[in-house]
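Working notes, structure below.
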Amino acid sequence: MQDDERNNDTQALRDIKILVRAAVEGNRSSFEQLVEIHQGGIFRMVYARVQSRTDAEDLVQDVFLKAYGSLSALRDPELFKAWLYRIALNKVKDFRRRQRFASLFSFSEEEKEQDHPDMGPDSYDHLAGKQFWTRFNEFIKKLPGVQQQVFRLRFLDHLSIAEIALTLEKSESSVKTHLYRAIEKFKNEGFSLGHDPKEAL
Amino acid sequence: MKNNPSAHLDVQRIIVSLVDESDLAAQEREHLKVCPICSSSRNHLAVQLHGLSEEAIRWTPEPRRRVTLPAIEVFRGSGWKGRWYAGLATAAACLVLVITLTVPHLFTGNKQPYGELNLAAEMAADEMLIATTEDIEENCLPASLQEIVPDTGSTDDNDDFLDFVAPVDA
């Protein structure tokens, strides 16, 4: 069973590599397929950082446009995912910089609050989602910058150690050290999920 | 651990196993496989991290908008190289435009300078306009209607008409 899953993963990776190679050579439909594969992950990654659906949608659009425009700069198709996440991280960084600058002039805290997560029509869901992100943000703010990035990329964005190293342009051993410290704090803080984790077993 | 294979892994080693299990010594990996206390301790932390990941997915809304690529193919040059090509293309276009405006016969084959050609055409158009205006001033009606128009220079006809409308002698 595990072998089957591993074979499927390997096949999927091989397919992605073929798509990336074709997209680099100018095949538009291959790039559209890559968008289909990655846009969900990139959206989640961006949303977890900006906490606004509209802004996340705009940023995801920008990420893929940027990727499409600079595909020729991608040397190794195997690095596509890490490369895409690096573009997304830079877009988020730019967005935050713009937001900070704008907040100097017009945006008040109340206005920002109004743009907070919109989970759906159910107000209970809305509240529960908001509570989760508040707790998560409180925890993540306690970590130093690189630990925050590494922890998010590993457990929220599901990148491998190698992919995180490429995304952040750091060595794998450095990534492991930061991840180790972040997990240690996660354990010591006793981050609660709002339900018994054992239920998931 | 090295001296005692049955000793349990401490919290640090449990965390190392979660970061990358291959960083554990072979003996530690073996112990982790068989020891229910250590594997339970590891699983507990793994489940918490997995739960966090699941919750994050759960509380992330679905995007309402899909990514759309531009309809027109964007210029796919990269970095300075792309900008260099774009600059070169713009400069070439400007050069062609300047040459076309200053030396038109280079492309049209007409050796008369562009300025003179234009002036002659404008003068001819002006002359035609003046002639038409003068013609209208003199004869504002078409030739077919001019035959039935009475001669306005004669006052006799006017007197007859006035007599008819308002006779002097009753």
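Rule-based calculations on the coordinates, nothing more; no lab input. Fair warning: this is a prediction, and the values are worked out from it, not measured in the lab. With ideal geometry, Cβ positions are generated from the backbone for all residues, glycine too; neighbour counts draw on all protein chains shown.
Note on residue B:71/residue A:125: beta-carbon distance plugged into 1/(1 + (r/R0)^6) with R0 of 35 Å gives a FRET efficiency of 0.40. Take each residue in A:31-40, count the other chain C-beta atoms within 10 Å of its C-beta, and the mean is 2.
Taking each residue of B:44-51 in turn, how many C-beta atoms of other protein chains fall within 10 Å of its C-beta, and what is the average? Display every interim value, and only then the final one.
Working: counts 4, 4, 1, 7, 11, 8, 4, 12.
If you average over the peptide's residues, the count of other-chain Cβ atoms is 6.
Spin-label model, residue B:143 to residue A:171: label points 7 Å out along the Cα-to-beta-carbon direction sit 10.4 nm apart.
So which of A:66/A:93; A:93/A:141; A:142/A:170; A:142/A:187; A:81/A:170 end up more than 20 Å apart, counting from Cα to Cα?
On the way: A:66/A:93 15 Å; A:93/A:141 16 Å; A:142/A:170 22 Å; A:142/A:187 13 Å; A:81/A:170 16 Å.
From the list (A:66/A:93; A:93/A:141; A:142/A:170; A:142/A:187; A:81/A:170), the Cα-Cα distance tops 20 Å for A:142/A:170.
Extending each Cα 7 Å along its Cβ direction at residue B:10 and residue A:58, get the distance between those two points in nm, one decimal. Reported label-point gap for residue B:10 and residue A:58 is 5.1 nm.
Legend: mean number of C-beta atoms from other chains within 10 angstrom of residue C-beta atoms, peptide B:7-18, equals 2. Placing pseudo-labels 7 Å out from each Cα toward the beta carbon at residue B:21 and residue B:125 gives an inter-label distance of 8.6 nm. Here r is the Cβ-Cβ distance between residue A:73 and residue B:58 and R0 is 56 Å; the resulting FRET efficiency, rounded to 0.05, is 0.95.
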